[in-house]
Amino acid sequence: MRAFKYALRVVAAHPAYLVVYAVVLSLMGVFLAGALTTGDDPAYEPARPAVAVVDRGGGELAEGLRAFLAEGCDLVAVDDEPFALQDAVARGEAACVVVVPAGYTEAFLDAARAGGNAPVLEVAYSFDSLAGTLASSEVDQYLGLVRAAAVLQPDAPAVELAHRAAQAGEERAEVETVTPPGGTAVGSSLVFYLKWCSYTLTAAVVVSVGVLMGAFNRTDLRRRSIVSPVSSLTLGLHEAGAALVVALGVVALMLGLGWAAFGGSVAALPPETLGLMVLDVVALALVPLSLGFLMGQLGANEMVVNAVGNILGMVLAFLGGAWVPLSLMPEVVATLARFTPVYWYTDALDRCAYLTDPTAEALGAVLGDIGLVALFAAVVFVAALAAGRLRVQSAAAGGNAAAALPTT
């Protein structure tokens, strides 16, 4: 028990690690989740880019173009001067500027009916977003409709062709949000926060446990441990118990911040789902706990522990899909991710997001993911206990060999 209390005092003597890795990184996750998730069931709103149509005597097609673009874009007025046109695009006043030259209607209809190449409009748009590209495609669509009407009705006046193209533009497809078969995703802000905190957990727990274990690696304590009546297994379990308390403390702090920041998401989830999320976070915390315990048993110093905690946390979070969806990654990365605990951790969170009506099958799938995460932790922890025992036996054998040397 004395070893257990001493281990906790060691962690308490290094509060900077807990503040930086547990508090600051968790708050960063809160800010990111709040900025990137605007709601749990956002409504679809079509984009309406700002477009300026400059008519230099283009005729009926220029007026028809205005009417066509007004259905899906916001028309803005821009002076027909070189500086004003450039300034409108550069400053973002208009995502797209279309200049219709003089005599464009006659030239366009003649080319369309003769089967030749149509004259090109002057179109300029900003490259800092896709809004200008969207507006440019609307212009091309309008000209395509006018060209088709001109071919089908060779004798129709330009006013009628422009009117028909504008009427066609009024017909818009109805867009609605489709709910996946598993139900509606709820608690997206909380889920995103917990995914981000896979890095927080890994860095905070590995560093804290590594510092804790490093205190027991001092030469004087190692010598006392070798000659003490306490077995190496008992000492290792005391150290592991103190590390477990530290890990659970980090989990409680992280969950407390998430609950306080995303109360709406928490209220939208059933109690069973919240319980599974907490269990998933605890299972993941056992993985860096075992890794920190292993590093301590191997004698890693404080600098190595900090480096491993940060680098490993970022790598696992990236490969596990916590930061970037694996659907955007190459197939080889998605395959490699399955051999990491964070992959199954995030998969369990995604399943929980759709678990509005818990069933035995759905609960079993989530518990299966959590079990795989716990399995990773168990394998690393057993390896840490074995490494610690071998290290103590090696040190004891070295001491006995030194004592057996003849003295002069």
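Efficiency by 1/(1 + (r/R0)^6): what FRET value for Glu122 and Leu279, r their Cβ-Cβ distance, R0 = 56 Å, to the nearest 0.05? FRET efficiency, Glu122 to Leu279: 0.35. Model label points for Trp259 and Phe339, set 7 angstrom from Cα along the Cα-to-Cβ axis, are 3.8 nm apart. Taking every alpha-carbon pair in the range 320-387 and binning the separations at 10 Å intervals from zero gives 19, 40, 30, 9, 1 percent.
I need the fraction of alpha carbon pairs in the range 44-153 separated by more than 21 Å, rounded to a whole percent. Roughly 35 percent, rounded to a whole number.
Pop the C-beta distance of Asn310 and Asp110 into the FRET formula with R0 = 51 Å and round what comes out to the nearest 0.05.
On the way: r = 68 Å, r/R0 = 1.33.
FRET efficiency, Asn310 to Asp110: 0.15.
In this structure, Arg48 and Leu152 have a Cβ-Cβ separation that, at R0 = 41 Å, corresponds to a calculated FRET efficiency of about 0.85.
For Thr340, nonlocal amide neighbours, meaning residues 5 or more places apart or on other chains whose placed amide H falls under 5 Å from its own, do not occur.
Packing, taken as the mean count of other beta carbons within 10 Å per residue, orders the peptides 319-327, 197-205 from highest to lowest as 197-205, 319-327.
Residues whose amide H lies under 5 Å from that of Asp74, counting only those 5 or more places away or on a different chain, are Ala50, Val51; hydrogens are built 1.01 Å from N in the peptide plane. Under the simplified labelling scheme, the Glu361-Leu27 pair shows an inter-label distance of 4.6 nm, with each label point 7 Å from Cα along Cα→Cβ. Approximating the spin labels as points 7 Å out from Cα along Cα→Cβ, the Gln86-to-Val332 distance works out to 4.7 nm. Please report the spacing between the Cα centers of the range 293-318 and the range 319-375 in Å, no decimals. Value for the Cα centre distance between the two parts: 23 Å.
Bear in mind these aren't lab numbers, they're just calculated from the coordinates by the rules spelled out. Please read all numbers here as calculations on a predicted model, not as lab measurements. Note: ideal-geometry Cβ built from the backbone for every residue, glycine included; neighbour counts use all protein chains shown.
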